[in-house]
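Reading through the structure tokens given below for one structure.
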Amino acid sequence: MQKLTPIILLLFLSTNIKATPYRDSSNFQGNYIEIGAGLGSGSLRDMGTSPLFYTGLLPSVSLDYHKYFGKNILQFNVISYNGIYLHFAENQTYSSSATQVNAELIWYRQLGFLGNTAIQHQYGISIDNYTGIRTNQSFGNAGFSFENISSIHAKYGISRMLTLKAKDKKFLWLIKYHRKKKQYIANFNVGLPIYSLFYRQGYTNPGNSTLDYVDPFEGYETTGKFLSGMNTQLAINRILDNGNMYGFSYNWSFLTTGKNDVNQLNISHHAILFHLVFKFN
Amino acid sequence: MKTKKYNPILLIIIIIISFPSCEKLVFDEEISNTPESNFNYLWDEINTKYAFLEYKNIDWDSVLMVYQPMIYPEMSNDSLFNVLASMMNSLRDGHVNLISPFNISRYDISLLGPKNIDSRLVKTKYLKSDYYSTGGFAHNFIRDSEIGYIRFASFNGSVISDYQLDFLYNRYKDCKGIIIDIRQNGGGYVSNVFELLSLFTDDERLLYQTQIKSGPGADDFTLMESVYSDKARENVFSGKVAVLTDRGSYSASSFFSTCTYAYEDVFLVGDTTGGGLGLPNGGQLPNGWTYRFSITRTIAVNGENYENGVPPNYTVILSEDADETGIDNVIEFAADKLTE
């Protein structure tokens, strides 16, 4: 990874030399690839095995593709969380390792073009698929847990261009320097899962099978739920002259099978990610 | 008329700050950690998920009446553990455990029956000093090489390999019969049951059926799933096989014993096994302690549920004077049957 970092940075600064420099809203078109990395935290409770909330520190990486065409935005993103969930109880630590991946395909329709100084609204729809794999040795045969959740979301986003004008400034009130004009795009979006299909353990989790073949999903069931959570992202990116961007985002999401579910599953994530965004024509 | 403009950035910040609280509104609160809540949680989990309350004719409500009065707010962890463990042991199930940082509760099935094996006697008189150790198998010839004696003390450890089975086959293929001794074998990997069965399986046959608890009712189980022997090996022992059992033959050993009912040339000798044909899963209490109990049930090819123990074809109990006579009458009986 250490060897890759300078290459990625070099690519970031040099690519898209032929791209039309970003000037106004109508040029905010084309294809973008975004890579992100950061740190997340999460809480998780799977009442199929435990009534306790486990809290995790979860390094996170993401990969996004955005295509702006006309007033449409097509977006595909994958975000993964990998780490350890812990629960402390009476001087004991219980741990559960976890790998979680969420992939989402989104289509937005913009009202107006991005880049106008006014706030731009976007409405859309998405389908996503979340996969979680956990192991907790404390639970014996039920130590392996898997859930796959597919949802169809209603999406809403707002974006706004922000400009810091060129200005002569002093660093620490002493050293004079000239701040160039800087342009940013701030974006906030929210998704509501209209309907979700949960594939996970059924009433009980036998885990290690008594069958004559390996079936870690024995007894698993698929159930459907309406409005099972929410996901949001607040992002701010600085737009460079070559159309590339870099910035930060705060991602928050939660999923639940609902309070009436016998084996409630509650998952939430908070993650701050640093992004590099590459523009491709 | 002047309309009041809102600041969207401020609005977003307010929304973001309030989000973490938002999920707490949607999620149920964590169950409090008190002796009473731990007791109630465990009692309810067993009441709704344990597979054998009806089969074992256990009135779980009356168990509640017995143990609930023993719970009080200031009780120590040790006292709470003992009450919970006693309540769980009323299930009379070796697959039931409560695991705390300072103790693990257990219900020892093997002590329910008479002593049915003398390990020293087996080693000195039957395996002898030149016995072979192949994986988890200790084995040797007995009765002038007419019988192959294979002691298999645990289904745990490594997976039984084809190489090991081929070795056993080649060594004992000319014997009149083999004895597989699983007395005091407390179980292990169920997958090893199918591997060991493949030593004398030349076709696909129904071994047993299994079901998973699927609801709170006593009869709420998934549909029966049939389990077959599907591994037809090249080298299959075609002679008679005697399997020696006792109350210490538990879990995977009981699975193996149950499966022998599907074979005409395989018979059980010894005492009823310990049972344990329900697969235990695990869970956690509000105080962090973990537990496990059975959530599946197994039905033998003859339609019987042998959760309480698989009965032998020939009941033979080790003589009390076995140590003095130097004769394991269980092995001798099996050998006689194999050479008839």
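The values are calculated or read from the model by the stated rules, or taken from the named source; none is laboratory data. Just so it is clear, the model here is predicted, and its values are computed rather than measured. Note that we place each Cβ from the backbone using ideal geometry, even for glycine, and neighbour counts take in every protein chain shown. When the accessible area is computed, the model is the full protein with side chains, heavy atoms only, and any ligands, DNA or RNA have been set aside. Shrake-Rupley method; radii C 1.70, N 1.55, O 1.52, S 1.80 Å.
Test of understanding: among B:Tyr306, B:Tyr314, B:Tyr263, which residue is among the hydroxyl-bearing types (Ser, Thr, Tyr), at pLDDT below 95, more than 11 Å from the chain's Cα centre (by Cα) and open to solvent by 10 Å² or more (accessible area, probe 1.4 Å)?
B:Tyr263
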> Filtering the range A:247-268 down to residues that are open to solvent by 10 Å² or more (accessible area, probe 1.4 Å) and within 16 Å of the chain's Cα centre (by Cα), which residue is farthest from A:Leu192 (Cα to Cα)?
Replying inline: A:Phe248
> For the range B:211-227, which residues satisfy the criterion of being part of a strand (DSSP E or B) and farther than 14 Å from A:Asn205 by Cα?
Replying inline: B:Glu225, B:Ser226, B:Val227
> Would you pick out the residues in the range A:227-281 that are part of a strand (DSSP E or B) and of a type in the set (Asp, Glu)?
Replying inline: none
>> Testing B:Val96 on (1) under 30 Å from B:Val330 (Cβ atoms); (2) over 22 Å from the mean Cα position of the chain (by Cα), one condition comes back false. Which one is that?
In response: (2)
> Tell me, which residue of the range A:139-153 that is open to solvent by less than 40 Å² (accessible area, probe 1.4 Å) and outside any strand (DSSP E or B) is farthest from the other protein chains (Cβ to nearest Cβ)?
Replying inline: A:Gly143
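Per-residue answers, yes or no, for (1) over 20 Å from B:Leu197 (Cα atoms); (2) surrounded by 18 or more Cβ atoms within 10 Å (Cβ to Cβ); (3) within 14 Å of chain A (Cβ to nearest Cβ):
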site	(1), (2), (3)
B:Phe255	no, yes, yes
B:Gly270	no, yes, no
B:Pro280	yes, yes, yes
B:Trp289	yes, yes, yes
B:Ser319	yes, no, no
> Which numbered condition trips up A:Tyr156, out of (1) within 14 Å of another protein chain (Cβ to nearest Cβ); (2) free of Cβ contacts under 8 Å to residues at least 60 places away in the same chain; (3) crowded, with 20+ Cβ neighbours inside 10 Å?
Replying inline: (3)
> Mind checking which residues of the range A:239-281 are within 13 Å of chain B (Cβ to nearest Cβ) and of a type in the set (Asp, Glu)?
Replying inline: A:Asp261
> Within the range B:169-182, is even one residue within 21 Å of the chain's Cα centre (by Cα), part of a loop (DSSP other than H, G, I, E, B) and at pLDDT 95 or above?
Replying inline: yes
> So which of B:Tyr50, B:Tyr55 is open to solvent by 10 Å² or more (accessible area, probe 1.4 Å), closer than 20 Å to B:Gly217 by Cα and touching a strand residue (DSSP E or B) at 6+ places or on another chain (Cβ under 8 Å)?
Replying inline: B:Tyr55
> Regarding A:Leu57, is this residue surrounded by 14 or more Cβ atoms within 10 Å (Cβ to Cβ) and of a type outside the set (D, E, K, R)?
Replying inline: no
> Could you list, in sequence order, the residues of the range B:297-340 that are without any contact (Cβ under 8 Å) to a residue 24 or more places away in the chain and not in a loop (DSSP other than H, G, I, E, B)?
Replying inline: B:Glu324, B:Thr325, B:Asn329, B:Glu332, B:Asp336
>> Go through (1) charged (D, E, K, R); (2) at pLDDT below 85; (3) more than 30 Å from B:Phe256 (Cβ to Cβ) for A:Glu221 and report which single condition fails.
In response: (2)
>> Looking at the range B:328-336, can you tell me whether even one residue there is more than 22 Å from B:Pro114 (Cβ to Cβ) and modelled with pLDDT of 95 or more?
In response: no
>> I'd like the full set of residues that are open to solvent by 10 Å² or more (accessible area, probe 1.4 Å) and either under 15 Å from the mean Cα position of the chain (by Cα) or within 11 Å of chain A (Cβ to nearest Cβ) (or both), limited to the range B:191-204.
In response: B:Ser191, B:Phe194, B:Glu195, B:Glu204
> With respect to the numbered conditions (1) over 13 Å from the mean Cα position of the chain (by Cα); (2) away from chain B (no Cβ under 14 Å), which one is the sole condition not fulfilled by A:Asp128?
Replying inline: (1)
> Any chance the range A:190-210 includes a residue that's of a type outside the set (S, T, N, Q), open to solvent by 50 Å² or more (accessible area, probe 1.4 Å) and modelled with pLDDT under 95?
Replying inline: no
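Name the strands (runs of 3 or more DSSP E) wholly within the range B:71-156 that hold at least 1 residues that are hydrophobic (A, V, I, L, M, F, W, C) and either in contact (Cβ under 8 Å) with a residue 24 or more places away in the chain or closer than 30 Å to B:Tyr314 by Cα (or both)? Give the derivation first.
On the way: elements: B:97-99, B:132-134, B:137-142, B:147-152.
In the range B:71-156, the matching strands (runs of 3 or more DSSP E) lie at B:97-99, B:137-142, B:147-152.
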> If you go through the range A:31-46 one residue at a time, how many are open to solvent by 30 Å² or more (accessible area, probe 1.4 Å) and within 14 Å of another protein chain (Cβ to nearest Cβ)?
Replying inline: 1
> Can you tell me which of A:Tyr108, A:Tyr68, A:Tyr130, A:Tyr123 is closer than 24 Å to A:Asn205 by Cα, in contact (Cβ under 8 Å) with a residue 12 or more places away in the chain and of a type in the set (Phe, Trp, Tyr)?
Replying inline: A:Tyr130
